[in-house]
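One structure is given below, encoded as structure tokens.
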Amino acid sequence: MTDDFWRTEQELVRTEVIPYQWRALNDQVPGADASYCMHNFKAAAAQNASKATQGKRFVPPTYTFRGFNALPEDPAHPDPDKFYGFVFQDTDFSKWIEAVGYSLAHHPDAELEATADDAIDIVCAAQLDNGYLDTYYILNGMDRHFTNLKDHHELYCLGHLIEGAVAYYQGTGKSKLLKAACRFADYVACRFGTEEGKLDGYPGHEIAEMALVKLAEVTGEKKYFDLAVYFVRQRGQEPLYFEREDRARVAAEGWGYQPNANDPKPYAYYQAHEPVINQHEAVGHAVRAVYFYAGVADVARLTDDPDLLSAVRKLWRNIVDKKLYITGGIGATRHGEAFSYDYDLPNDLAYSETCAAIALAFFARRMLEIEPKSEYGDVMETALYNTVLSGMALDGKSFFYVNPLEVRPETAHHRDENFSHVKTVRQKWFGCACCPPNIARLVESVQEYAYTLADDGNTLFTHLYMSGSVGCELAGVPVTLSMEAGLPWSGAGRAALHFSSESCDKPEQGRIAGDAATATLAFRLPAWAGGEEAAAAVKVDGEAANRITREIHEGYLYLTGEWRDGDAVVFDFPMPVHMVATNPRVCENVGKVAFVRGPITFAAEGHDNGDLLQNLVVDTTAVGADCSGVKAVPFDFVAGAKGVDERGTGEVEAVTRPMVKLEVPALRVAVERETADDAPADAPRTPLYSAYKPAAVTSVTATLIPYFAWANRGESEMRVWLNAR
């Protein structure tokens, strides 16, 4: 009945991904793009040491712009004193240490902790006396720091440093990195605001907003929350800060000012075109946008600001109703890694960045804290099981930045620039490596997305069904909810409530003699199981004796009453196959269908179905309106692939994972043999165009695998949306 799906994923991250990424951060992975992350911290630490030794004789570097991505002239011999990589390269470390913190919280590892402590020593040694910690400006010249907030990611680096520091502190109890993050935040707080003499700006790439909320919660320092509120409310206020910053910078550098041409308004790419309370369409860079919306949701919840609450609800609706891929991906266009216009969801040109799906999970979880509605959990679950997991190979050693829904290898072989962002196999690393460590930190903390506790402490919500346990104080009583679940392959599972023998610091409200408590357990009723109709699949100890009552609200089953130690909630959610169509406004998918079972979106690969997948047609009549013609078949997916070049790109080590595949009634359109270009001029040829006639077809069975598993067996065609008739 149960499947340790996420435990397997976390073990993979702990044993393979975290060590692999540490080597990548130190430029020790053969065939992978260099990170230069730890190189930069070491260079900044050495500069600080030199300053301490030289005293007044020390001459700090004067700022020189070396490009958004500075690379050494000789990659084999980078200058040990120079900054290399993207302007935000520091965040590779911050996301890695965040994943380490989550891992150590559940699986203590002295060797990993020692490695992390050594890395933290290097990072903290790079921090300036005033608390500033961004190696790009420390090494390139502090005389121009905070002069290009729009593009140079200093406050983005702050946000990720905070999140990494908090996770490591919570996982180990060690506060060195947390103190460094607080010092950086203190420096930012003293420099930003609407008071005279301060910068009235805000992050170019958002994440600091939600990170500062987290820092305030951990430290109890309200000033960090106030800074988050300021960043949220100041963004987009007139006169636009980024326009003033652009004008000041070009004046200082002596080149002509070019007005910002973002659509629909200047600086919309940065979500800074107007105050967020006036925004109702998700626009611009998808990751920036949804990180920001997550931060706005945090502030909205904690301030109960009706205008902010209205804004995040409208932005959520625009994403889910008009800009969301069936895989939980967002950001349709490569141009700016951005949201496109409403209903523009190309499959083969999709951007659908891994980080954007991760950001959507952040946003969804925060919306659940505002108002527990099952749709938020449904979308979060879809993003996690599909686009997020697609971003990493099953061996944990190669990654997708972009997650298309249709791939034809010839676009890469012929170097079609229109598809240059689409990779047919995963890459070992990226110079811009935001996605790989982002996956690691999310997988290692995925249990935090499964449950939330209501503000009054009386209701424990289950949003995701995964094996494991959560401990909390429910109605003032220490409890543990232990879950066994078969997702994503089976809808069956069991949750058991147990009471701790430890004393409770909170008032004894809710405690009943004999290890019992009056409280509510609320369970999401997944849309894929029938939504609120799925409540019939949930059975509860104590319900027959009228100890527990049930109520359905906004897609959650609320079970309220006297809970006793050992009480169990048993569920067996139906997991039918769904054949899905798109809103006809999405022109790319007219006449096509996709298949979903449980939280998993499925895809056809050439490995199972042959090439020319455009000629594989779903026989909807044979499938049936209830999909009774489709078989869901458990099987062992065997991964393994050789590299496609001398660097080993696309290589996947042998891995076997239990999965479910779909066998779908289909038709294969006959295709005449292609005539070779070098054939004699008078050789018989297949015309490019001819008079219409019904195509000759043969009946076949299409095999569909989970979308996240594609490209684990080597290069091949892939399609999520299949032609249908």
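Residue by residue through region 567-582, what is 3J(HN,Hα) from phi via Karplus (6.51 cos²θ - 1.76 cosθ + 1.60, θ = phi - 60°)? Round to whole Hz and write x for glycine and proline.
Calculated HN-Hα couplings, in order: 4, 10, 10, 10, 9, 8, 5, x, 10, x, 7, 10, 9, 10, 10, 9 Hz.
Quick check: the distance between the Cα centres of region 524-571 and region 447-472, to the nearest angstrom?
15
Tell me which residues come under 5 Å, amide H to amide H, from SER469 once H is placed; ignore anything under 5 positions away on its chain.
MET483
Could you report the chain's accessible area per residue, 1.4 Å probe, as an integer in Å²? Intermediate values should be presented prior to the final figure.
On the way: 29150 Å² over 725 residues.
Ligands and nucleic acids excluded, the figure is 40 Å² per residue.
With a 1.4 Å probe and all protein chains left in place, how much of the accessible area of region 16-119 comes from carbon and sulfur atoms, in whole percent?
Numbers: 2680 of 4940 Å².
Solvent-exposed carbon and sulfur of region 16-119 make up 54 percent of the total.
Sorted by accessible area (1.4 Å probe), largest first, how do VAL218, VAL59 line up? If you can, show how the numbers build up before the last one.
On the way: VAL218 45, VAL59 115 Å².
Putting VAL218, VAL59 in descending order of accessible area: VAL59, VAL218.
What FRET efficiency, computed as 1/(1 + (r/R0)^6) with R0 = 51 Å and r the Cβ-Cβ distance, is obtained for ALA654 and ALA261, rounded to the nearest 0.05?
Details: r = 50 Å, r/R0 = 0.98.
The value I calculate is 0.55.
Using alpha carbons only, how many angstrom separate the centre of region 630-669 from the centre of region 1-44?
Answer, in whole Å: 24.
Hey, can you rank 516-523, 273-280, 200-207 by average C-beta count inside 10 Å, highest first?
Working: 516-523: 21.8, 273-280: 18.4, 200-207: 24.1.
Output ranking for 516-523, 273-280, 200-207: 200-207, 516-523, 273-280.
Once label points are set 7 Å from the Cα along Cα→Cβ at both ARG244 and THR686, what is their separation, rounded to one decimal in nm?
Once both label points are built, they end up 6.4 nm from each other.
Determine how large the accessible area of VAL664 is when every protein chain is in place; take a 1.4 Å probe and give Å² rounded to the nearest 10.
0
If you take every DSSP beta bridge fully contained in the chain, what fraction is antiparallel? Give it as a percent rounded to 5. Display every interim value, and only then the final one.
Values: 85 of 92 bridges.
Among the beta bridges of the chain, antiparallel pairing accounts for roughly 90 percent.
Distance in nm between label sites at VAL633 and ASP143, each 7 Å beyond Cα in the beta-carbon direction?
My value for the distance between the label points is 7.0 nm.
Fully extended, how many nm does the chain gain between GLU217 and ASP186 (0.36 nm per residue separation, minus their Cα-Cα distance)? Kindly include the intermediate steps, with their values, before the conclusion.
Working: separation 31, 0.36 × 31 = 11.16 nm, distance 1.54 nm.
Using 0.36 nm per residue and subtracting the Cα-Cα distance, I get 9.6 nm.
Could you give each residue of region 688-696 its phi-based ³J(HN,Hα) in whole Hz, using Karplus coefficients 6.51, -1.76, 1.60 with θ = phi - 60°, and x for Gly or Pro?
5, 10, 7, 4, 5, 8, x, 6, 6
At a 1.4 Å probe radius, carbon and sulfur cover how many percent of the accessible area of region 207-278? Don't skip to the end; give the middle numbers.
On the way: 1700 of 3320 Å².
Using a 1.4 Å probe with all protein chains present, region 207-278 comes out at 51 percent carbon and sulfur.
Take every Cα pair under 8 Å in the chain that's 6+ residues apart, average their separations, divide by the length, and report that relative contact order as a whole percent.
The normalised contact order for the chain reaches 11 percent.
Using Cα centres only, tell me the gap between region 679-725 and region 204-271 in whole Å.
The two parts, judged by their Cα centres, are 48 Å apart.
What is the percent carbon and sulfur in the accessible area of region 317-414, measuring with a 1.4 Å probe over the protein chains and ignoring ligands? Don't jump to the answer; show the numbers that get you there.
Working: 1120 of 2340 Å².
C and S atoms contribute 48 percent here.
Give, to the nearest whole percent, the P(r) tail of the chain beyond 52 angstrom, counting all Cα pairs. Mind dumping the intermediate values first?
Working: 34310 of 262450 pairs.
The proportion of pairs with Cα distances above 52 Å equals 13 percent.
If you count, for each residue, the other Cβ atoms within 10 Å and average over each peptide, how do 630-637, 395-402 line up from highest to lowest? Don't skip to the answer; put the middle values down first.
Working: 630-637: 14.4, 395-402: 23.8.
Highest mean packing first, the order is 395-402, 630-637.
Report ³J(HN,Hα) in whole Hz for each residue of region 654-667, in order, from the Karplus equation J = 6.51 cos²θ - 1.76 cosθ + 1.60 where θ = phi - 60°; Gly and Pro get x.
Once rounded to whole Hz, the list reads 4, 9, 10, 10, x, 9, 10, 10, 10, 10, 10, x, 8, 10.
How much accessible surface does TRP429 have with a 1.4 Å probe, in Å² rounded to 10?
10
Any idea how far apart ARG647 and ALA46 come out in nm if each label point goes 7 Å out from Cα toward Cβ?
Output for this residue pair reads 2.5 nm.
Can you send over the solvent-accessible area of HIS335, 1.4 Å probe, protein chains only, in Å² to the nearest 10?
Using a 1.4 Å probe on the heavy atoms, I get roughly 140 Å².
R0 = 56 Å: FRET efficiency of ASP611 with HIS77, Cβ-based, nearest 0.05? Walk me through the numbers on the way to the answer.
Working: r = 45 Å, r/R0 = 0.80.
Efficiency at R0 = 56 Å is approximately 0.80.
The values are calculated or read from the model by the stated rules, or taken from the named source; none is laboratory data. Since we're looking at a predicted model, the values are computed, not measured. Using ideal geometry, Cβ is built from the backbone for each residue, glycine included, and neighbour counts are taken over all protein chains shown. What goes into the accessible areas is simple: the full protein's heavy atoms, side chains included, and nothing from ligands, DNA or RNA. Shrake-Rupley method; radii C 1.70, N 1.55, O 1.52, S 1.80 Å.
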